[in-house]
Amino acid sequence: MKNKRAYFTTKWITYTAVLTALVVATGFIPPITTPAGRIYWVDGMVLLAAYLMDPLAAFIAGGIGSLLYDVFASPAMMLPSLLIHGLQGAVVSALLHYLFPKKFIKWEWIWAAVVSLVGAAVVIAGYFIYRCIVYGAPTAVTNIPRNVIQEAIGITIAMIICYATTFKQQLKKNNLLPDFKNEVLEKPLPQENEEE
């Protein structure tokens with residue numbers, strides 16, 4: 001972008017910040033303790049960000065939100081959380097917003113559920129690889145059921161908030177949902193004074 005700079009609209013920045021804060025906040029909700037391990041609520045908000053926002057915003061909400069939670073809860077997990085949950089949000093958002101045929105908008109919730117499974121695979125595989133490297137394959141395998149349950153809960157929460165209610169539909173109807181294709185704008189840079 002020669003002689004131009006990219007900038008984001010206030011609406012985009014606000015939504016991204018609020019969704020990032022929701023990811024951090026849901027991390028502090030007490031987890032469900034199961035024989036397979038603790039199950040957290042974060043994935044529901046990461047997916048909600050992916051359903052509502054563009055891939056960059058979803059990466060920020062999922063990745064930075066998870067990282068900020070881990071600053072307080074588990075500093076060793078900061079980088080894996082940034083990459084895994086950031087990628088989860090970005091992949092789901094990209095598949096939902098760029099591959100879904102808009103003529104079937106009435107059935108968007110079905111496509112959202114399908115692409116959420118891709119996001120779940122990203123998280124399950126990401127944590128499996130991380131645990132294989134750090135703790136070894138046997139420990140990594142024992143954590144798979146916990147991650148599967150956590151993803152199922154996250155998908156259910158996000159689908160209920162976004163599609164079982166009319167939340168996303170109402171945001172669109174009232175022009176409150178960012179049109180992310182138009183949220184990154186180009187603005188000319190100020191021209192330097194040239195000597196005549």
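The values are calculated or read from the model by the stated rules, or taken from the named source; none is laboratory data. All values reported here derive from a predicted model rather than from experimental measurement. Counting neighbours? That spans all protein chains shown, and the Cβs are built from the backbone with ideal geometry, glycine included. The accessibility values were calculated without ligands, DNA or RNA, using every heavy atom of the protein model including side chains. Shrake-Rupley method; radii C 1.70, N 1.55, O 1.52, S 1.80 Å.
Within the chain, which whole H helices from DSSP have a Cα span along their axis of at least 15 Å and a mean Kyte-Doolittle hydropathy of 1.0 or more, if any? Working shown, then result.
Numbers: long enough: 10-27 (26 Å, 1.12); 42-52 (16 Å, 1.83); 78-94 (23 Å, 1.35); 108-134 (39 Å, 1.75); 144-159 (22 Å, 0.91).
Counting only whole DSSP H runs, the qualifying helices are 10-27, 42-52, 78-94, 108-134.
Ignoring ligands, DNA and RNA, please state the percent of accessible area on the chain from carbon and sulfur, probe 1.4 Å.
Summing carbon and sulfur atoms, their accessible area is 69 percent of the total for the chain.
What's the tally of Lys pairs in the chain whose alpha-carbon atoms lie under 13 angstrom apart, where the two lysines are 8 or more places apart or on different chains?
4
Determine, for each peptide in 86-95, 25-34, the mean count of other beta carbons within 10 angstrom over its residues, then list the peptides with the highest first. Let's see the in-between values first.
Numbers: 86-95: 24.9, 25-34: 13.6.
By packing density, highest mean first, the sequence is 86-95, 25-34.
If I build a Gaussian network model for the chain, linking alpha-carbon pairs within less than 10 angstrom, which residue out of L67, L79, L47 has the largest mean-square fluctuation?
Result: L79 has the largest fluctuation of those listed.
What do you reckon, how do Y40, Y51 stack up by accessible area (1.4 Å probe), largest on top? Don't jump to the answer; show the numbers that get you there.
Numbers: Y40 50, Y51 0 Å².
The most accessible residue leads, giving Y40, Y51.
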